[in-house]
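A quick write-up on the structure given underneath.
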Amino acid sequence: MLRAGRGHQDGSSEERMCWICLNTDGGTLHHDWLQPCRCRGTNKWVHEACLSRWIDEKQQVNPDAPVTCPQCYTEYIIVMPPVCRFDAMLESVERTYCLLCPSILMGMLATVVYMATLSYGALTLHQIAGYDTSIQLMKEDPTFLLIVLPSVPCALLLLRRFDWDNWMVRWLRRQHRQSVASEHYDEQGDLLPGAPLTDEYFDSLEPVDEDEMMQAGTMNSENIERATCRVCTALSLPTFSVLIGQTLYGNVNSKLLSIVLGAFTFEAVKGLISVYLRQCQYYRRRYRSVLDYTTENVQMAGRTI
Ligand SMILES: [Zn+2]
Ligand SMILES: [Zn+2]
């Protein structure tokens, strides 16, 4: 709320012009004019409504920020209606609550994640050690319960960083390098136009490393799919290890050993299948050819001319 001290009492001789809307005296009521700063001349006048709107614009980010005249830099005297103590207290409580909300939410999310990892760890322990042993372990040792169990899924995810199948794919690709014949190069050693595609080209089509893939396309659907696959595989490892261990290595004396063997078998089979499929796709793309449009070729492709 703004009130001019003497705004409408003096100067009836000069013409007033609002520096915001540039309208002059005509039709404006006397008490709608303000003279809120040290400016002189016609510039000193402004409509109260215009200035109010202008102050609101300036205070959009911070409603308590001081606002000054853009010409003489006088800070406007802005007087707010008095606020009673109760209202002020309510306001400050609300502001504090709003400030705390993000932290509260983060805390809740962290708790949910922690509880999920804890349950997963407990489930895994139960699968591997059996019901009685796992309950006994959890009862006896609270650190084991509160720290070791939640770190089980994290450890499994970290273990996935060791990607031997990628290493194998890279090795296989290195075994089958096909250099482009020297006749396709010019004197400077650059490829001539129309020269066959190089190994490097096909490598770039199918990056082997996860990190390379992530760089290639930061967050496309393929990468998200790959990442979810990774997480699922990592988290299902204990279940498959127990299942395979019991099925294939049931006659091994130690249960733990059978589970470890099961884990290795699962990893090996899964990895080999993935390597095989990736090599299949690679070769299919590498040896793809486009034929000339001749009668024979058209007949071979089963098309009609
Ligand atoms: Zn105006
Ligand atoms: Zn001014």
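The values are calculated or read from the model by the stated rules, or taken from the named source; none is laboratory data. Note that the structure is a prediction, hence the values are computed from the model and not measured. All Cβ positions, glycine included, derive from the backbone under ideal geometry; neighbour counts span all protein chains shown. Accessible surface is based on the protein model in full, side chains and every heavy atom, while ligands, DNA and RNA are left aside. Shrake-Rupley method; radii C 1.70, N 1.55, O 1.52, S 1.80 Å.
Pop out the carbon and sulfur fraction of the accessible area of the chain as a percent, whole number, probe 1.4 Å.
61
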* To do: Calculate, in nm to one decimal, what Ser254 and Ala155 gain on full extension: separation in residues at 0.36 nm each, minus their alpha carbon distance.
  => 33.3 nm
* Length added when fully stretched, Ala268-Ala195, from 0.36 nm per residue minus Cα-Cα -> 22.3 nm
* Please build a GNM for the chain, connecting alpha carbons under 10 Å apart, and tell me which residue among Arg160, Arg173, Arg85 fluctuates the most. => Arg85
* Work out the charge dipole of the chain with +1 on the Cβ of Lys and Arg and -1 on the Cβ of Asp and Glu about the Cα centre, then indicate which of Asn223, Ala129, Cys98 is farthest towards its positive end. => Ala129
* Whole-number D in µm²/s for the chain (Stokes-Einstein; Kirkwood sum over Cα pairs; 37 °C, 0.692 mPa s) -> 113
* Asked: By its C-alpha gyration tensor, with a ≥ b ≥ c as the square roots of the eigenvalues, how is segment 66-131 shaped: rounded for a/c under 1.5, else prolate for a/b larger than b/c, else oblate?
  -> oblate
* Asked: Label-point separation (nm) for Ala116 and His176, each offset 7 Å from Cα along Cα-to-Cβ?
  -> 4.0
* Rounded to the nearest 20 debye, dipole of the chain from Cβ charges on Lys, Arg, Asp, Glu -> 700
* To do: Taking the dipole about the Cα centre of the chain, with the C-beta of Lys and Arg at +1 and of Asp and Glu at -1, give me whichever of Leu257, Leu159, Trp54 is farthest to the positive side.
  => Leu257
* Asked: To the nearest 20 debye, what is the magnitude of the charge dipole of segment 172-301 about its Cα centre, counting +1 on the Cβ of each Lys and Arg and -1 on the Cβ of each Asp and Glu?
  -> 1000
* Structure fact -> Packing-ranked peptide list from 122-128, 151-157, highest mean Cβ count within 10 angstrom first, is 122-128, 151-157
* To do: Could you work out the local net charge near Gln178, counting Lys and Arg as +1, Asp and Glu as -1, over the other residues with Cβ closer than 13 Å to its Cβ?
  => +1
* Asked: For labels at Ser204 and Glu75 in the simple 7 Å Cα→Cβ model, what's the distance in nm?
  -> 6.1
* Structure fact -> Descending packing, highest mean Cβ count within 10 Å first, for 43-51, 230-238 is 43-51, 230-238
* Asked: In square angstrom, what is the accessible area per residue of the chain with a 1.4 angstrom probe?
  -> 72
* Structure fact -> Once both label points are put 7 Å beyond Cα along the C-beta direction, the His184-Ile135 separation in nm becomes 6.9
